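To keep things clear, I will list the structure first and then write my remarks on it.
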Amino acid sequence: ESGFIEIPQNSYTLDNANLTSGAARIWYNFQPADENPADKPLFVFFNGGPGAATMLLFTYNTSKMTGDQAYADIDVVENAFNWNRMGNLLYIDARMTGFSYGLTDNPSSSTERNSYFKPANFNVYVDAADFIRVILGVLKRHPEIQSNKVVLVGESYGGTRATAILNILLNVRDYAAGNRNFYDENL
């Protein structure tokens, strides 16, 4: 299953500054486990960069098919070593990478498109919040795996993203009470 989770425009506070992130459509690909998906963890894959799509993790040796030339010179082939044997897979492209994109009122305006690239849309907290929203959105669409373990698999800058996601989730009460430098009421 491939699709988009729409992230609405969102007001938040970062270091006592009131900011608003732009709306975005975040692309994801969900692949259930080969056997007993309701009993298997959800592996959440994402690249870093920053600014890199999750394509490499998606096409090279984690999913059911692989583009790795070590296994086929020309074509995409079945992957005998896919992670679907161990669990459910979720691939996510970060805001403005891969298939994910920002939403503006007037996409034909270069001024409006360029203004999307502002710090309010691109910081570690907005990035982590985007991913939390996508994970929760996919889990809502797949209630059969909502109680399963979730394993974050970040590559490169994805390690920074994974740390921020975990920090928010493990300290959710502090963040919800506004006791941290980031406060997002909607999250």
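The values are calculated or read from the model by the stated rules, or taken from the named source; none is laboratory data. Keep in mind the model is a prediction, meaning the values are calculated, not measured. We place every Cβ from the backbone using ideal geometry, glycine too, and count neighbours over all the protein chains shown. Ligands, DNA and RNA are stripped out before the accessible areas are found, and what is left, the full protein with its side chains, is counted by its heavy atoms. Shrake-Rupley method; radii C 1.70, N 1.55, O 1.52, S 1.80 Å.
Tabulated data
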| quantity | calculated |
| --- | --- |
| Positions within the range 33-51 being farther than 18 Å from ILE132 by Cα and either touching a helix residue (DSSP H, G or I) at 6+ places or on another chain (Cβ under 7 Å) or in contact (Cβ under 8 Å) with a residue 60 or more places away in the chain (or both), in sequence order | ALA33, ASP34, PRO37, ALA38, ASP39, LYS40, GLY49 |
| Condition broken by LEU89, with the remaining ones in (1) under 16 Å from the mean Cα position of the chain (by Cα); (2) touching a residue at least 40 places away in the same chain (Cβ under 8 Å); (3) open to solvent by 30 Å² or more (accessible area, probe 1.4 Å) satisfied | (3) |
| Top-ranked residue of the range 45-86 - restricted to ones that are assigned to a loop (DSSP other than H, G, I, E, B) and among the acidic types (Asp, Glu), ranked as least open to solvent (accessible area, probe 1.4 Å) | ASP68 |
| Candidates LEU166, LEU136, filtered to the one that is free of Cβ contacts under 8 Å to residues at least 24 places away in the same chain, within 15 Å of the chain's Cα centre (by Cα), closer than 21 Å to ALA52 by Cβ and open to solvent by 70 Å² or more (accessible area, probe 1.4 Å) | LEU166 |
| Test result for THR111, without any contact (Cβ under 8 Å) to a residue 40 or more places away in the chain, open to solvent by 50 Å² or more (accessible area, probe 1.4 Å) and not acidic (Asp, Glu) | yes |
| Residue under evaluation MET96, criteria (1) in a loop (DSSP other than H, G, I, E, B); (2) over 30 Å from PHE117 (Cβ atoms); (3) of a type outside the set (Ser, Thr, Tyr); (4) in contact (Cβ under 8 Å) with a residue 24 or more places away in the chain, criterion not met | (2) |
| Residues satisfying the stated conditions in the range 13-28, i.e. at negative phi, open to solvent by 10 Å² or more (accessible area, probe 1.4 Å), touching a residue at least 40 places away in the same chain (Cβ under 8 Å) and not small (Gly, Ala, Ser) | THR13, LEU14, LEU19, THR20, ARG25, TRP27 |
| Output for the range 1-57, where each listed residue is modelled with pLDDT of 95 or more and either touching a Cys at 6+ places or on another chain (Cβ under 9 Å) or of a type in the set (A, V, I, L, M) (or both) | ILE5, ILE7, LEU14, ALA17, LEU19, ALA23, ALA24, ILE26, ALA33, ALA38, LEU42, VAL44 |
